[in-house]
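All remarks here apply to the structure that follows.
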Amino acid sequence: MNGTGCPPGSGKVFLNAAHTAVTVTFSQYAASAGPGIATSENRKNCQLTLNVHVPSGFTFAIVDVDYRGYYQLDKGVKGSHSAIYYFQGQVVQGESGTTINGPVDGANYVYRDEFNLTPTVYAPCGQDSILNLNSQSA
């Protein structure tokens, strides 16, 4: 994990017992803007790198990714979230993004990136791989 939204020690990664889902939590992934707030706080990003073991005869693909958080936006302010998913060494990547328009007086959100069952982002059969997820919020 590396980035302005996930400095060392601020994120945790959990793998479920069936090895079918990964949960990542962040304690410092928040972008802010406004009077008196440094420009460096306007955009946060995080590069998550996961080692993926793929047994012989199998492949690994991303089906969906959920983002959960909280946002508050003044009138006329836009918030955005985007992400790129790719396996190291592969040309094909998945991209997504969303924009939220203010005013919003504080709300929880759930955003889902979904990839069809014929995924474009997958690991080669029987080869261990490195999955990269690069996300940013502004």
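Annotations for the structure displayed:
- Any hit, region 37-50, residues being surrounded by fewer than 11 Cβ atoms within 10 Å (Cβ to Cβ), among the small types (Gly, Ala, Ser) and at positive phi: no
- Matching residues in region 97-109 - criterion: being surrounded by 11 or more Cβ atoms within 10 Å (Cβ to Cβ) and touching an Asp or Glu at 6+ places or on another chain (Cβ under 8 Å): Gly102
- Within the set Gly94, Gly57, Gly79, Gly126, the sole residue that is modelled with pLDDT under 90 and buried (at least 16 other Cβ atoms within 10 Å of the Cβ) turns out to be Gly94.
- Restricted to region 1-77, the set of strands (runs of 3 or more DSSP E) holding at least 2 residues that are farther than 21 Å from Ile130 by Cα and of a type outside the set (Val, Ile, Thr) comprises 64-73.
- Among the residues making up region 16-30, a single one is touching a residue at least 24 places away in the same chain (Cβ under 8 Å) and not aliphatic (A, V, I, L, M): Tyr29.
The values are calculated or read from the model by the stated rules, or taken from the named source; none is laboratory data. This structure is a prediction, so every number in the text was calculated from the model and none was measured. Neighbour counts run over all protein chains shown; Cβ positions are idealised from the backbone, glycine included.
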